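Asker: Have a look at this one before I ask anything.
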Amino acid sequence: MELLLAIVIGSLYATGLYMLLRRSVVKLIIGLGLLANGSNLLIFTMGRLVRARPPIVPEGESSVPPPFADPLPQALILTAIVISFGVLAFALVLIHRAYQKVGTDDLDDLKTTDT
Amino acid sequence: MRLIFPIAIPLATAILGLFAWRWRTVQRGLGIAGAAALLLASLELLKSVWQQGPQATWVGNWPAPFGITLIADLLSAIMVVLAAVIGFAVALYALAHIDPAREAFGYYPLLHILLMGVCGAFLTGDLFNLYVWFEVMLMASFVLLALGGERAQLEGAIKYVTLNLMASAFFLTAIGLLYGVVGTLNMADVALKIRPLASSGVTRSIAFLLLTAFGIKAAIFPLFFWLPASYHTPPVAVSAVFAGLLTKVGVYALLRVFTLIFPEDGHTIPTVILALSALTMLTGAFGAIAQSELRRILSFLIVGHIGYMTMGLGLSTTAGLAGSIFYIIHHIVVKTNLFLVSGLTHAVHGSFDLSRLGGLYRTHPGLAVLFLISALSLAGLPPLSGFFAKLLLVRAGLHAGQWGIVAVALGVSLLILLSMMKIWAEAFWKPMREDLPAGGSHALPISPVTERIGMMSRLGFWSSAGLAILTVMIGLGADLVLALAEAAAEQLRNPDLYISTMQRGRP
């Protein structure tokens, strides 16, 4: 399972970065989304993948018997998902406004502020 | 408890400001009052950290490695004070110079959310929490950058947003890997648990991922392109606070992580940082020389100066770190002031283009003095603050035997002087050209200054003058500031105090 997820994460990073290098602004946003999801999945995998073993301390013991899935990374991902959702929503509005103003979605035409 | 205030005050100000959405006078009053309160709270924090050593607050009373810890050592406290000073100066400047449309769409609440993000990033003791504060700060800066919706702003914002989100993704990746390795994200706890693994390959990878992520945010050499493409697009009341604070949050994160979590590390990372610093200085200075628009010159010079700040980190000596911290203190004040002066220049002539400016020395001698103080300080002429900052770094470099970086640092400061003299000669010294039709003072649709009455329109000048006086005072009281910087560097070099402060919250 870890191997499968590692491959998925790697592909998400690779496609995300490839999309970031495309010229279309929309693909840029898709790339950012894929990159964010890749890192979220990475954190998820780091918390160990164990099925049907809730991390609850049994009565009379002081710690959870391994193996168990660490719940903290999952909480971190929730935060990260909310943040990347908000940021991507902003980015979508931004490219829409830019498209209305400039009339193109080609990044090569958005170079007037470059130096 | 003190540690909560620099975060809570801007938050409260922003929320109250949102409630007063339709009453712009109330928003202005809140904006300035909130900034003043933040300044007082941060000075109080610095004073108590100076007298009693590093302090920590365990949020929600969760003990150290489990909950989020806010922790302030001297470096954090100094940075919070600087953020508050800049926030106050820019809020004052904005009273006179932000245009009504941007003010009506929430400039002041956004400014305070930005300040909250910056202060939070300086105070947190938890890596994931640092990521969250980065995002708070970024979100506010995205909106501030795009506020107004001019074409240049939107184009600049796309690049700024893309590269900063990429940096966030890298940072998040590094956090994930680090959690997989050490099982904790509390910075002091990570520092303890990563020591036995310091030379392993995965630790090295995490260190370089963090260097890349913070490097993008700090705009160091190969990762700086978003900065000169976006910082000159928003109005000065926005770009001044960006110029002063945002890249320095990246530098602060570099200082923190590479002294606390990855100290020394077999000299690979310090060498890489030194090489990047030299290249950053050179690109910034050469880029600035090629420009002929005030804010573009200043934007490139930000990049150049980041090189000086990371240079002290690359030297990895206490003297070098003290030099870096002194440099940050000096640079934040001076660079913000130069942006404010460029805004005042724009208010006079309606242009940032050097070829359209001129004669300011004759018509506005006060403005000329303000510019000259900041410009000479930036280039590093005695007795202004920049001289001592550069002196410290050069001396630390010589002591460490790094001749190459010292030569680059000295050479680049000549190039910076050249850029500054170009602005002086073009905007202030040469006579104003009358034969240029467009771009004069009529180019602005509404002159925002004339709309405000009496005293208000002078506030921009006085906030800039206050920063100029601060520059001179840092120069004249250099021994005091140096004592502060050296104590902060000492704390960075010996992280045990930081770690034990954090552990006081252990069960």
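Asker: Using Cα pairs under 8 angstrom and six or more residues apart, how large is the relative contact order of segment A:1-78, in percent? Don't jump to the answer; show the numbers that get you there.
Answerer: Values: 80 pairs, mean separation 20.4, N = 78.
Relative contact order for segment A:1-78 comes out at 26 percent.
Asker: So, counting K/R as plus one and D/E as minus one, what does the shell of residues with Cβ under 13 Å around B:Leu245 add up to?
Answerer: On the way: positive: B:Lys217, B:Lys248, B:Lys335; negative: none.
Result for the local shell: +3.
Asker: Please report Rg (one decimal) and Dmax (integer) in Å for the Cα set of segment B:103-239.
Answerer: Expressed in Å, the Cα Rg and Dmax of segment B:103-239 come to 16.8, 55.
Asker: Still on this model: Could you give the angle, 0 to 90 degrees to the nearest 10, between helix A:2-20's Cα long axis and the longest principal axis of the Cα atoms of chain A?
Answerer: 10 degrees
Asker: Helix B:247-260 sits at what angle to the longest principal axis of chain B, using alpha carbons and giving 0 to 90 degrees rounded to 10?
Answerer: Approximately 20 degrees, to the nearest ten.
Asker: Rounded to the nearest whole Å³, what is the per residue volume of the convex hull around the Cα atoms of segment B:1-140?
Answerer: On the way: hull volume 13.2 nm³, N = 140.
Convex hull volume per residue, Cα atoms: 94 Å³.
Asker: With +1 assigned to the C-beta of every Lys and Arg and -1 to the C-beta of every Asp and Glu, and no other charges, what is the dipole magnitude of the protein assembly as shown about the Cα centre in debye, to the nearest 20? The partial results should precede the final answer.
Answerer: Details: 38 positive and 30 negative charges, 99 e Å.
The calculated dipole for the protein assembly as shown is roughly 480 debye.
Asker: Express the C-alpha Rg of segment B:24-77 as a ratio against the empirical globular expectation 2.2 N^0.38 Å, rounded to two decimals.
Answerer: Working: Rg = 15.0 Å, N = 54, 2.2 N^0.38 = 10.0 Å.
That works out to 1.50 for segment B:24-77.
Asker: Shifting gears a bit: Using the Cα gyration tensor of segment B:89-170, with a ≥ b ≥ c the square roots of its eigenvalues, what is the shape: rounded (a/c below 1.5), prolate (a/b larger than b/c) or oblate (neither)? Display every interim value, and only then the final one.
Answerer: Values: a/c = 3.15, a/b = 1.36, b/c = 2.32.
It is oblate, given that a/c is not under 1.5 and a/b is not larger than b/c.
Asker: Let me ask something else. Rounded to the nearest 500, what is chain B's calculated 222 nm mean residue ellipticity when only DSSP H runs of at least 4 contribute -39500 (n - 2.57) each, over all residues? Spell out each step's value before the answer.
Answerer: Values: 23 runs with 374 residues, N = 507.
Per the formula, -24500 deg cm²/dmol.
Asker: Using the alpha carbons of the protein assembly as shown, what is the convex hull volume per residue in cubic angstrom, as a whole number?
Answerer: Details: hull volume 93.3 nm³, N = 622.
Residue-normalised Cα hull volume stands at 150 Å³.
Asker: Using only Cα atoms, tell me the angle between helix A:25-46 and the longest principal axis of chain A; keep it within 0 to 90° and round to the nearest 10.
Answerer: That works out to roughly 10 degrees.
Asker: At A:Val8 and B:Val59, where each label point lies 7 Å from the Cα along Cα→Cβ, what is the point-to-point distance in nanometres?
Answerer: In this crude spin-label approximation the distance works out to 3.0 nm.
Asker: From Cα pairs below 8 angstrom and at least 6 apart in sequence, can you work out the relative contact order of segment B:1-148, rounded to a whole percent?
Answerer: Numbers: 209 pairs, mean separation 44.6, N = 148.
Answer for segment B:1-148 is 30 percent.
Asker: Related question: Of all the stretches in chain B, which is the longest one without any exposed loop site, taking chymotrypsin sites (Phe, Trp or Tyr not before Pro) in a DSSP loop (any state but H, G, I, E, B) with at most 16 other Cβ atoms within 10 Å?
Answerer: On the way: sites that count: B:Trp21, B:Trp23, B:Phe66, B:Phe105, B:Phe225.
Value returned for the longest uninterrupted segment is B:226-507.
Asker: I would also like to ask the following. Any idea which of A:Ala91, A:Leu49, A:Pro73 is furthest toward the positive side of the dipole for chain A, if Lys and Arg beta-carbons carry +1 and Asp and Glu beta-carbons -1?
Answerer: A:Ala91
Asker: If you don't mind, there's one more thing I want to ask. Towards the positive end of the charge dipole of segment B:248-358, with charges on Cβ (+1 Lys, Arg; -1 Asp, Glu), say which of B:Phe352, B:Ile302, B:Phe326 has the farthest Cα.
Answerer: Positive-end residue among those listed: B:Phe352.
Asker: Additional query: Among the aspartates and glutamates, which fall within straight-line cross-link reach of B:Lys390, defined as a Cα-Cα distance under 17 Å, with same-chain neighbours fewer than 8 residues apart omitted?
Answerer: B:Asp479, B:Glu486
Asker: From the convex hull of the Cα coordinates of segment A:1-82, what is the mean projected area in square nanometres?
Answerer: Numbers: hull surface 25.0 nm².
Computing the convex hull of the Cα atoms and averaging its projections yields 6.3 nm².
Asker: Could you work out how far the C-alpha centroid of segment B:299-333 sits from that of segment B:60-136, in angstrom?
Answerer: Spelled out, the Cα-based centre of one part sits 21 Å from the other.
A short reminder: the numbers here are calculations on the coordinates, not readings from a lab. Note that the structure is predicted; figures quoted are calculated from it, not measured. All Cβ positions, even for glycine, are placed from backbone atoms using ideal geometry, and neighbour counts span all protein chains on display.
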